[in-house]
Every structure is written in structure tokens, then in C-alpha cells.
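Accompanying notes for the structure given below.
The values are calculated or read from the model by the stated rules, or taken from the named source; none is laboratory data. Note that the structure is predicted; figures quoted are calculated from it, not measured. Counting neighbours? That spans all protein chains shown, and the Cβs are built from the backbone with ideal geometry, glycine included. To get the accessible areas, we keep the full protein, side chains included, count just its heavy atoms, and leave off ligands, DNA and RNA. Shrake-Rupley method; radii C 1.70, N 1.55, O 1.52, S 1.80 Å.
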Amino acid sequence: MKMIQPNCRAQFAAEDIDFILSVLGGKIGTAECLVKLLADEDSRDQILDDDALFHALLERRGCLRVSTRFYFYILVRHVFRKSDIHERSVADYVAEVLTEFALTERGRCVLPGQSNPMDYFFEMVAALTKADERNSFYIRMHIGNYSLFLSGVFPERIRSREARGFPDIKYYEGLGRSHFRAASDHRLAHRYDLSEVLGTLAERFGTTRLALNDIADRLFTLGDPDYSLEALLKVHSGNNANQ
């Protein structure tokens, strides 16, 4: 199981630089100038906070030639600022969560040394009773991440299943909040400098979830199926086996 950390901003690709130049070239100048600016943390963060990048990601038609990490960080950072979540590390962490679920089958909880992955939340919670310290931390992180992902990206799907007896949004919020809080107090969270990020997600899970709902709403209403978050994440309706 990969431990997610807030490092999107350190992993942007060459196509991201080209995109930034296409949007902000008049302000920045040459690619060489931009590379130097991005090497400085403060100037990099100021550039990435430019609203023109956010609007360009949403308004440009056709195939966007940017990395997944750049795409999600710009969108998440923008809506989090509007929701009064100003810590860049929190936006960076959540963008990395979205990136990981976009690239891999992250809904399955796979522990080191175990051949059978866990697909359901009740399996993960039950596994905590027998897990050692490290695996307990990983499981709680996974439950928090996946609860946020599902309730943030697919709230309407969750609501449509409530009538059939499946968990509602409050269930996901409570589950994610409690496990983020427990993970934030774990010694490994302090070791990997994740305590503040996880603590913020625990305290502001509802606000964070609603901010991600805003991203999903914006993309689903663009009218172009290639721009939907669900299409980008390659998630199909049959994959929500966690419920």
C-alpha cells in the first residue's frame, strides 16, 4: 500500500510548463524564466495560485496536455481557497489522493504481506482489531482517503443508492472524519509530517467534501464527456464495491 503524501507540486511535468507559459507567458516571459521561478517555492506557489490557470483548465476545449497532478492541484487549490482552506499542503495532499485513485485501483486496501485485498469498508474496520501499528495507520489513512474520494467526487451516486439501503453522505463523513483524526494522532503521522494535514481533514471533512463536490459539478456541467471527472478517473459504476 502506497502512503499518500502532499508532493504534487514537486512532480509537475514538462507539458505543465508549456501549459503555464501558454496561459501566463505575457507575465512570465520565457520557459527558462519560468523554470527558474518554479525552482523557488514561494514564487512557484504564487504562480500556481493565479486564477487564470484554473479558468484555462476549465474553459479550454479538446485534449488538455497537462499532467494529472497539475490538473488536480490547480482545481483543488482554487476551490479550497474559496472554502477558506488556505493550507497549500492540504490541497496538495487531496490532489495527490485524486491522482492516485485516477491512476490505480485505490479502492482496494492491500496490506504488505497479504494476498487478499479488502474491498469493503467493514472489512477494513474489522482488520483494525488485528492489525499491527504500521498497518493500522495505513488502513485508517486508506479509509479516510477513500471516504473523501467517494463523497467528494460521487455524491449523487451515493444519494441515488440511499433508497436501496446503502450508506448516506453522513456515513462517509463520519467514517472519514474519525479515521483521519485517529491517523493524525499516530506516531507515523508525526514521523512523515502528516499530522497537521490529517488533522485539518478530520476537522474540516465536510467543508473539504463540499469543495470537491464543486469541482465535480463544474466538470459534469461542461457538456463535454471528455471533461467529466468520472471519465478522467476512469471510474465505472460497477467499481463502487466498497458500499
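In table form, for the structure just shown:
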read-out	value
Given (i) 1.20; (ii) 1.03; (iii) 0.93, the label whose value is Cα Rg over 2.2 N^0.38 Å derived from this model	(ii)
Angle in degrees between helix 205-220 and the longest Cα principal axis of the chain, rounded to the nearest 10	60 degrees
Cβ-Cβ FRET estimate between Leu24 and Asp193, R0 fixed at 35 Å, reported to 0.05	0.70
Residue among Gln114, Gln46, Gln11 with the largest mean-square fluctuation in a Gaussian network model of the chain, springs linking Cα atoms under 10 Å	Gln114
Accessible area in square angstrom per residue, the chain, 1.4 angstrom probe	47 Å²
The chain: most fluctuating residue of Glu15, Glu32, Glu41 per GNM, C-alpha cutoff 10 Å	Glu32
Size of electric dipole in the chain: Cβ of Lys, Arg +1 and of Asp, Glu -1, about Cα centre, debye, nearest 20	600 debye
Candidates Glu87, Glu96, Glu59: whichever shows maximal mean-square fluctuation once the chain is modelled as a Gaussian network with Cα springs under 10 Å	Glu59
Spacing of the two label points (7 Å from each Cα toward its C-beta) at Phe166 and Gln46, in nm	4.7 nm
Rounded to the nearest 10 Å², the accessible area of Tyr73 at probe 1.4 Å	0 Å²
Gain in span if fully extended, Ala31 to Met3, counting 0.36 nm per residue against the direct Cα distance	6.8 nm
